[in-house]
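The values are calculated or read from the model by the stated rules, or taken from the named source; none is laboratory data. Everything numeric here is computed off the predicted structure, so don't read it as measured data. Every residue, glycine as well, gets a Cβ built from its backbone with ideal geometry; the counts of neighbours run over all protein chains shown.
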Amino acid sequence: MEARQASRAVSTMLIVDDDPLVLKATASWCTRMGFVVLTATTGLQALIMAAEHRPDVIVIDVNLPEVDGLSVLAYLSDAAKTAPHVIVMTGRADQRTGELCDELAATCIPKGRFFWKQLAARLAEIYPEKSADIDRASREFATIDVNRRPRVLLVDDDASVKKMFSHRLDELGVDLLHAEDATRAFWTARREHPTVIVADYCMPNGDAGYLLTKLRSVPETCAIPVIVQSGRRLSDSIKRKLKEEINGQPGAARILHKSIDDAELLDTLQRYCGFAAVREDEPAPS
């Protein structure tokens, strides 16, 4: 009986983020504060784990694969009899996100310079008895960078493609990284940890197949999704080769035809970056 009561006294926290650095750091920090920490990397995983474990606190990113964070919270809010404390991490603190967080009684914390300080302050409000441990941990983790927005690495030596892509992604709250060839792309990916990579099939210093082999050879980049584009029709054998597993890791996530119409590419990126799709007849988000 006493053991069961003690178990109930320990708060459970579900942390949801597809950035492995942020997820690991936040989980480690909150574990030291005495929370039982669960983690998820996609919106679908978050829904399943929240339904199964009913956490006391949910710390969730807005931009998630499969189902975005706010949609997860809306579903849980409708389904749950007792709502957990919710903290939303966002790389884009716009008015709409703030309004949705208010509707869900969630605290919205922008990713960036003051992320850890604001997260610590909110947790201390919820659990004042942990204030000393929270303060200690926040000082220790304050140097860990938390990315403000999802990042796409574009690998293409065509300057016009970069220009068009940069403008479109900026409208959607996504940052663009760029490399002109496969070798530079590999080292950029190792250094910057992009959310997803969009690579032209034909590139200087190695094609997309070569890039995939390099990316899957090191832990820092082995799981980054790669979308391959080509302006020419690729044979079925090339497509099969690009999609083959490499060192137990997936090959190309999608193979698309490069076109001035970017709708298919943006739909694909939405799955990995979690931004809200913008139709041509709608104004871009401010």
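Below, the figures for the structure above:
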| item | result |
| --- | --- |
| Scan of the stretch 49-68 for residues that are in contact (Cβ under 8 Å) with a residue 24 or more places away in the chain and surrounded by fewer than 24 Cβ atoms within 10 Å (Cβ to Cβ), ordered by number | MET49, ALA50, ALA51, HIS53, ARG54, PRO55, ASP56, VAL57, PRO65, GLU66, VAL67, ASP68 |
| Number of positions in the stretch 170-195 that are outside any strand (DSSP E or B) and either more than 20 Å from LEU211 (Cβ to Cβ) or over 16 Å from the mean Cα position of the chain (by Cα) (or both) | 16 |
| Search result, residues across the stretch 257-270 that are outside any loop (DSSP other than H, G, I, E, B), surrounded by fewer than 16 Cβ atoms within 10 Å (Cβ to Cβ) and hydrophobic (A, V, I, L, M, F, W, C) | ALA263 |
| Filtered residue count, the stretch 241-254, keeping only those that are within 11 Å of GLY209 (Cβ to Cβ) and either in a strand (DSSP E or B) or among the basic types (Lys, Arg) (or both) | 3 |
| Top-ranked residue of the stretch 52-83 - restricted to ones that are under 22 Å from the mean Cα position of the chain (by Cα) and assigned to a loop (DSSP other than H, G, I, E, B), ranked as modelled with the highest pLDDT | PRO55 |
| Positions within the stretch 216-238 being among the basic types (Lys, Arg) and crowded, with 16+ Cβ neighbours inside 10 Å, in sequence order | ARG216 |
| Residues that are outside any loop (DSSP other than H, G, I, E, B) and touching a Phe, Trp or Tyr at 6+ places or on another chain (Cβ under 7 Å), drawn from the stretch 212-228 | LYS214, LEU215, VAL228 |
| Selection status of ARG139, in a helix (DSSP H, G or I), surrounded by fewer than 19 Cβ atoms within 10 Å (Cβ to Cβ) and at pLDDT 90 or above | no |
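Okay, residues lined up against (1) assigned by TED's automatic domain parsing to the domain that holds THR42; (2) farther than 28 Å from GLY43 by Cα; (3) modelled with pLDDT under 85:
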position: THR188; (1), (2), (3): no, no, no
position: PRO194; (1), (2), (3): no, no, no
position: ILE227; (1), (2), (3): no, no, no
position: ARG233; (1), (2), (3): no, yes, no
position: GLU244; (1), (2), (3): no, no, no
position: SER259; (1), (2), (3): no, yes, yes
position: THR268; (1), (2), (3): no, no, yes
position: PRO285; (1), (2), (3): no, no, yes
